[in-house]
Amino acid sequence: MELLYASCVGVLVSCGIFLLLRARTFPVVLGLTMISYAVNLFLFSSGRLTINKAVVLGTGADYADPLPQALVLTAIVIGFAMTAFVVILAIRGRADLGSDHVDGSPVKSAAASKEQK
Amino acid sequence: MIQHLASLPILLPMLAAVILLLPPCGKSVQIRRYASNTMALITFAVSVFLLIHIYNTGISVYAIGDWSAPYGIVLVADNLSTLLVALTSFLGLGAILYGSAGDDEKGSFYHPLVHFLVLGVNGAFLTGDLFNLFVFFEVLLIASYALLMHGGDKQNTRAALQYVILNLVGSSVFLIGLGILYGVLGTLNIADMAQKVSQLNGDDVFIAKAGGLLLLIVFALKGALLPLHLWLPNTYASAKPVVAALFAIMTKVGVYAMLRVYTVIFGEQAGALEHMVQPWLWGLAIATIVVGAMGAIAAQDLRKLTANLVLVSVGTLVALVALQNVNATAALLYYLVHSTLVSAALFLLADLIAKQRGKVADRLVGGRAVKQPLLLGACFVVAALTVVGMPPLSGFVGKIWILKSTLNSEQALVFWPVYLVTSFALLVALSRAGTSLFWERKDKRSESADCADANPLQVTVIIGLLACSPLLVIFGGPISEYMVGAATQLHDISGGINAVLKGGM
């Protein structure tokens, strides 16, 4: 299980980084989302991976660490809000800059507008 | 009531922001401005009261929901955090006053957003829990994203997009770092971590080191330390000047986090991990100072110049963090207060100058003369002298103190020449800027500007910010005593741990 879990996080992060390095906003947003999934999984595993344990202090002496779950919950909420914001910003950037390049690539967008004329 | 005092600098701005979103304030501009100013004033007054109270009674630990540390989240109000909270509230008050003169109507929700930003920064300063620090970072970041777009144009969108994406990546790295540290230490309470980090052994030491260094990446990004500084000049120069002035405190949040994490958690008591980031910080800080100075000389307009001055100040502060002794930390605090106030004042001044020079705005080329050369010129001279560190203003005291605190270490051989040559470079850059802004005229005919005089409110704010500089010198005795006290308290790690873990409320 550890191997599967770790490779899952690893694959997500590497895909995320690959997408982040693209110059256009849509892949970048996707990459950010993937990284935040990976981060959530990673945070969850910081309480150690165990099965068949009480969620919080239960009847037995054994219980799963509840704190990472709380942390993940917070991270999900924050990550969701931030992704929503960056999507809106990307749309606004597309409208304002006339291209979906992350750095607004002024030369290219000028050339594109000439072509349209 | 008095035991809840430590939570008020967080609760009051939140309350203010919510009130300002409600109908009576949402509809009328006048009511909104009055309410916003009143709330900012109250926040500032409470922060100052907290500062004095903590100074007299010692560290106060506020357990939120009465869940005591290390299980619950605590707010720790000590001399260091209350000082920075007071500084933030003061800057927030200045930004709101200045914005009330007209800038607030250029976009929507200026006032609530400023209050949210103050809430985030105050929270980041007060919290005693690393995950809570992350949450407050996000609060201040999302407010700053929105403020950055305030009344913006195309240029602004591009800068904002890059800033937001960079910070989102930074947040992910922050979470990974926290996950690693939690996995190894089993706690995220700063005091508790400081206690447990020395008990690590075997492989755990290296894992904790990886986590700590990941956090360094995040703090370096927030604080704009080389090589993660590239976002800063563009972002600050494209934001509205009043927003940029408020942002002057945000790089300091990164520096503060470094100070907390690497002095307390990975500090003297950390066993194998003692001072683990010091070599990194030192080199990067020196490089940041140099790059900032080069940027200042190359800058094409006053706002970019000021943004690069912020970089230089960050470099200086981080170099002092790397020294890890009481005297250096005390000098750091003095310099931090001084540099935040004066860079905020310079951003605001750039705004007024740009308005009065018409088309050339604040670009450093000859153009129309400003309408109030005496007033703006005098403010500029005072600000420039303060930044460069010429006597008799606060920059000079800060500079001497910094140089003196590095004197006994072997690093002085590197630091002194770099710092002094940089100061000279800044002097050149600012003199050149002043000359082209105020004296170089292209067009003699258009001397009679058709713009209005600067709004007295805006002038008051700038003078208020600049007046802090001589005040920091006049009351230098008590203030430096306070700074030394705060630094001693920070470096007294076992005392801090005891106060947080055994005290509670």
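The values are calculated or read from the model by the stated rules, or taken from the named source; none is laboratory data. For clarity, every value in this text was computed on a predicted model and none was experimentally measured. Cβ sites come from the backbone with ideal geometry, for glycine too, and all protein chains shown count toward neighbours.
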Say whether the condition of being of a type in the set (A, V, I, L, M, F, W, C) and either within 30 Å of B:SER108 (Cα to Cα) or modelled with pLDDT under 85 (or both) is met by at least one residue in segment B:256-264. no
Working only within segment B:407-427, note down all residues that are over 23 Å from the mean Cα position of the chain (by Cα) and aromatic (Phe, Trp, Tyr). B:TRP416, B:PHE424
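Is it the case that segment B:119-130 has a residue that's free of Cβ contacts under 8 Å to residues at least 60 places away in the same chain and facing chain A (nearest Cβ under 10 Å)? Walk me through how you get there before you give the answer.
Just the residues of segment B:119-130 that are free of Cβ contacts under 8 Å to residues at least 60 places away in the same chain, to begin with: B:120, B:127.
Pick out the ones that are also facing chain A (nearest Cβ under 10 Å) and you get none.
Within segment B:119-130, none of the residues are free of Cβ contacts under 8 Å to residues at least 60 places away in the same chain and facing chain A (nearest Cβ under 10 Å).
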With respect to A:VAL107, is the statement that it is modelled with pLDDT of 85 or more and outside any loop (DSSP other than H, G, I, E, B) true? no
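Looking at B:VAL197, B:VAL218, which is the one that is surrounded by 24 or more Cβ atoms within 10 Å (Cβ to Cβ) and at pLDDT 90 or above? Write out each step before concluding.
Working: B:VAL197 fails: at pLDDT 90 or above.
Just one listed residue meets the conditions, B:VAL218.
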In this structure, does B:PRO233 turn out to be more than 10 Å from chain A (Cβ to nearest Cβ), crowded, with 21+ Cβ neighbours inside 10 Å, more than 30 Å from B:MET14 (Cβ to Cβ) and not basic (Lys, Arg)? yes
Among (1) in a loop (DSSP other than H, G, I, E, B); (2) surrounded by 14 or more Cβ atoms within 10 Å (Cβ to Cβ); (3) modelled with pLDDT of 80 or more, B:PRO392 falls short only on (2)
Mind counting the residues in segment B:165-185 that are more than 8 Å from chain A (Cβ to nearest Cβ) and without any contact (Cβ under 8 Å) to a residue 24 or more places away in the chain? 1
Among the residues of segment A:20-32, is there at least one that is modelled with pLDDT of 85 or more, touching a Gly at 6+ places or on another chain (Cβ under 7 Å) and β-branched (Val, Ile, Thr)? yes
Selection count where residues are in contact (Cβ under 8 Å) with a residue 40 or more places away in the chain and assigned to a helix (DSSP H, G or I), scope segment A:3-57: 10
Report, ordered by the first and then the second residue, all pairs with beta carbons closer than 8 Å, sequence separation of six or more or different chains, a first member in segment B:63-75 that is free of Cβ contacts under 8 Å to residues at least 24 places away in the same chain, and a second member that is of a type outside the set (S, T, N, Q) and in a loop (DSSP other than H, G, I, E, B). B:GLY65/B:GLY72; B:TRP67/B:ILE73
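Inspect segment B:104-111 for any residue being touching a residue at least 40 places away in the same chain (Cβ under 8 Å) and of a type in the set (S, T, N, Q) and give the result as yes or no. Give the derivation first.
First pass over segment B:104-111, keeping only residues touching a residue at least 40 places away in the same chain (Cβ under 8 Å): B:104-107, B:109-111.
Add one more test, that the residue is of a type in the set (S, T, N, Q), and what stays is none.
Taking every residue of segment B:104-111 in turn, none turns out to be touching a residue at least 40 places away in the same chain (Cβ under 8 Å) and of a type in the set (S, T, N, Q).
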Looking at segment B:341-354, can you tell me whether even one residue there is aliphatic (A, V, I, L, M), touching a residue at least 60 places away in the same chain (Cβ under 8 Å) and in a loop (DSSP other than H, G, I, E, B)? no
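If you check A:ALA95, A:ALA61, which single one turns out to be of a type in the set (A, V, I, L, M) and not in a loop (DSSP other than H, G, I, E, B)?
On the way: A:ALA61 fails: not in a loop (DSSP other than H, G, I, E, B).
Selected residue: A:ALA95, the only one of A:ALA95, A:ALA61 that is of a type in the set (A, V, I, L, M) and not in a loop (DSSP other than H, G, I, E, B).
Filter segment B:395-412 down to residues that are within 15 Å of B:ILE474 (Cα to Cα) and of a type in the set (A, V, I, L, M, F, W, C) and give me whichever is surrounded by the most Cβ atoms within 10 Å (Cβ to Cβ).
B:VAL397
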Take the residues in segment B:117-142 that are polar (S, T, N, Q) and within 10 Å of B:SER81 (Cα to Cα), then tell me which one is surrounded by the fewest Cβ atoms within 10 Å (Cβ to Cβ). B:THR127
Can you tell me how many residues in segment B:140-164 are under 18 Å from A:ILE78 (Cβ atoms) and at the interface with another protein chain (Cβ under 9 Å from one of its Cβ atoms)? 5
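Taking segment B:147-184 as the region of interest, how many residues are more than 20 Å from A:LEU20 (Cβ to Cβ), among the small types (Gly, Ala, Ser) and buried (at least 22 other Cβ atoms within 10 Å of the Cβ)? Step through it out loud before you land on a result.
Step one: list which residues in segment B:147-184 are more than 20 Å from A:LEU20 (Cβ to Cβ), which gives B:147-156, B:178, B:180-184.
Going one step further and asking which of them are among the small types (Gly, Ala, Ser), we end up with B:151-152, B:183.
Restricting the remaining residues to those that are buried (at least 22 other Cβ atoms within 10 Å of the Cβ) gives none.
Summing the residues that are more than 20 Å from A:LEU20 (Cβ to Cβ), among the small types (Gly, Ala, Ser) and buried (at least 22 other Cβ atoms within 10 Å of the Cβ) in segment B:147-184 gives 0.
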Checking B:TYR419 against (1) in contact with a Leu (Cβ under 6 Å, 6 or more places away or on another chain); (2) in a helix (DSSP H, G or I), which test does it fail? (1)
(1) at pLDDT 80 or above; (2) at the interface with chain B (Cβ under 9 Å from one of its Cβ atoms); (3) surrounded by fewer than 18 Cβ atoms within 10 Å (Cβ to Cβ) all hold for A:VAL87 apart from (2)
Among the helices (runs of 4 or more DSSP H) lying completely within segment B:1-89, list those that include at least 2 residues that are polar (S, T, N, Q) and more than 25 Å from the chain's Cα centre (by Cα). B:29-57
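When you look at B:ALA101, is it part of a helix (DSSP H, G or I), in contact with a helix residue (DSSP H, G or I) (Cβ under 6 Å, 6 or more places away or on another chain) and hydrophobic (A, V, I, L, M, F, W, C), yes or no?
On the way: part of a helix (DSSP H, G or I): no; in contact with a helix residue (DSSP H, G or I) (Cβ under 6 Å, 6 or more places away or on another chain): yes; hydrophobic (A, V, I, L, M, F, W, C): yes.
So B:ALA101 fails the test.
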